[in-house]
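Below: one structure, written as structure tokens.
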Amino acid sequence: MKSLDELTFDNRFARLGDAFSTEVLPQPIENPQLVVASPSAMALLDLDPASAHTQVFAELFSGHKLWNEAEPRAMVYSGHQFGSYNPRLGDGRGLLLGEVYNDAGEHWDLHLKGAGQTPWSRMGDGRAVLRSSIREFLASEALHALGIPTSRALSVVGSTTPVWREKQERAAMVLRLAHSHIRFGSFEYFYYTRQHDELKILGEYVLANHYPHCLEQPEPWLAMYREIVERNAELIAKWQAYGFCHGVMNTDNMSILGITFDFGPFAFLDDFDAQFICNHSDGQGRYSFSNQVPIGQWNLSALAQAWSPFISVEALRESLGLFLPLYQAHYLDLMRRRLGLTTAEEADKELIEQLLQRMQGSKIDYNLFFRHLGEQPVDQALASLREDFLDIRAFDGWADLYKARVARDGGNAEERRARMHAVNPLYVLRNYLAQKAIDAAEDGNYEEVRRLHQVLSTPFEEQPGMAAYAERPPEWGKHLEISCSS
Ligand code: AMP
Ligand code: MG
């Protein structure tokens, strides 16, 4: 274990120079106070979790103090927002403080979000409010606990600094960890400004540091692109299988590492709804739940465009063509597991589609359905679920197919239960749970955020005294409107 002042820095990205990022110092927020910290994220830096409760910690992660070796920089990028190209975005309120490597030799970017204005702030104040900081923290750590690749969150530090959104709020900072903060949009920036030398330098940097195995391939850029397609297919399959809506899949929010990145008005589905739109500002539903799949592919085509100086169009097209079949394969595999199946049959795709069709419009809690389906015996589990379906006969038809399928799959009932419970979470980061924790935190009480974080860090295990977190949301809790303002 290390103390906070023992972190070892190696700022590789900063060494790329001023074409890629600009030196900016964080602007501190007043009266910093720890809201919540993640012990498992701290462990990634070999930090003692107890140090989160020190004054130094709050000062380091609110811009008051800086390590001597830190080199805070705002990264430049552009990107497609809701399908339209925005030539200049960049870190308008987040800073890459530096890169730390741990005892295992892994590099982690320390990114402080809400650190004040930068040359790319445009009209923004460079701040993040407590509400959105807590949401990003909880989402990162909850997705990680579900086994979904994501940036991590080390801490949220709150303050008394006022910030104006729709109303007056308080500023906070999240310390985000990722192996890299390079986005699709980082490449688009150099491509569309015709800075192809810098574009090449950035690609070679990503190859060397994040996809070194691709350097052994005859066409390293192509190998890397292909792997990014594969990683995104798997990532989005996981989002779909677990009912996660990102909400703002702009290309500046797409990580070059294929991890969930930049959390805005995200949501986990409560009731299943393929057309669900979690972002109140997304009137057209571009990023609706089911659209995330084609949008993932669209974003990859935007990256292909930016890399077209280095890879042939034919090879890019062929690689992009892998996205949908790979997505389908991962999705089927995950859904089979959620249904407790250990074997694969041709008709499983149909079985899954039919289930979702029956859920649609029936107000079926998506994640709890699978959790309850894992109870034994299967007849009893189905009997307790059927009442909730609008078209009970249609559900019964599906249930017969499912029972027959489970019988063909074979195996022992107790094992099936354990297997299903290990992949079907009991606790999910529902918007209303986050909102209750945020309301308390805005009143200065951080217990609820900390408890919710704790519950979500082992989502598959039933935890004593936490039954309230596993319930269906109240009606008000299903209709929260989450805007982009953060
Ligand atoms: P986001 O919606 O957080 O992905 O941000 C989109 C772009 O807007 C990025 O370039 C951000 O840095 C910038 N941005 C968002 N909020 C602010 C803010 N409060 N102040 C300055 N820039 C911001
Ligand atoms: Mg963003």
On a full-extension model of 0.36 nm per residue, what is the gain between residue 458 and residue 484, subtracting their alpha-carbon distance, rounded to one decimal in nm?
6.5 nm
Any chance you could list the semi-axes, whole Å, largest first, of the equivalent ellipsoid that the Cα gyration tensor gives for segment 338-486, using √(5λ)?
33, 19, 13
Restricted to the chain, the DSSP antiparallel beta bridge percent, nearest 5, is 95
Quick one: which of 199-212, 267-280 comes out on top by average Cβ neighbours within 10 Å, and what's the full order, highest first?
267-280, 199-212
Just to confirm my understanding: which cysteines in the chain have no other cysteine beta carbon less than 4.7 Å from their beta carbon?
214, 484
How far apart, in nanometres, would the label points at residue 345 and residue 415 be if each is projected 7 angstrom from Cα along the Cα-to-Cβ direction?
1.9
With T = 20 °C, eta = 1.002 mPa s and Kirkwood Rh from C-alpha pairs, the Stokes-Einstein D of segment 339-423 in µm²/s is about 164
Does segment 62-121 classify as rounded, prolate or oblate by the C-alpha gyration tensor (a ≥ b ≥ c root eigenvalues; a/c under 1.5 gives rounded; else a/b over b/c gives prolate, otherwise oblate)?
oblate
Mind checking which lysines have their C-alpha under 16 Å from residue 478, skipping anything on the same chain fewer than 8 residues away?
363, 436
Isotropically averaged projected area of segment 38-92, using the convex hull of Cα atoms (one quarter of hull area), nm²:
5.8
Computed over segment 136-278, Cα set: Rg, Dmax in Å:
17.5, 56
Considering the convex hull of the alpha carbon atoms of segment 233-346, report its projected area averaged over all viewing directions, in nm², one decimal.
8.4
Any idea what the dipole of the chain comes to, in debye rounded to 20, about its Cα centre with Lys/Arg Cβ at +1 and Asp/Glu Cβ at -1?
660
Between segment 239-313 and segment 353-398, the Cα center-to-center distance that results, in Å:
28
Which helices, counted as full DSSP H runs in the chain, have an axial Cα extent of no less than 27 Å and a Kyte-Doolittle average of -0.5 or above?
220-242
Extension gain, residue 408 back to residue 40 (0.36 nm per residue minus Cα-Cα distance, nm)
128.4 nm
Assuming R0 = 22 Å, can you tell me the calculated FRET efficiency for the pair residue 10 and residue 204, based on Cβ-Cβ distance, to the nearest 0.05?
0.80
Two decimals is fine: what's Rg over Rh for the chain, C-alpha atoms, Kirkwood radius as Rh?
0.97
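Only the coordinates and a few stated rules stand behind these numbers; no lab work does. Values in this document were obtained by computation on a predicted structure and should not be read as measured data. Cβ sites come from the backbone with ideal geometry, for glycine too, and all protein chains shown count toward neighbours.
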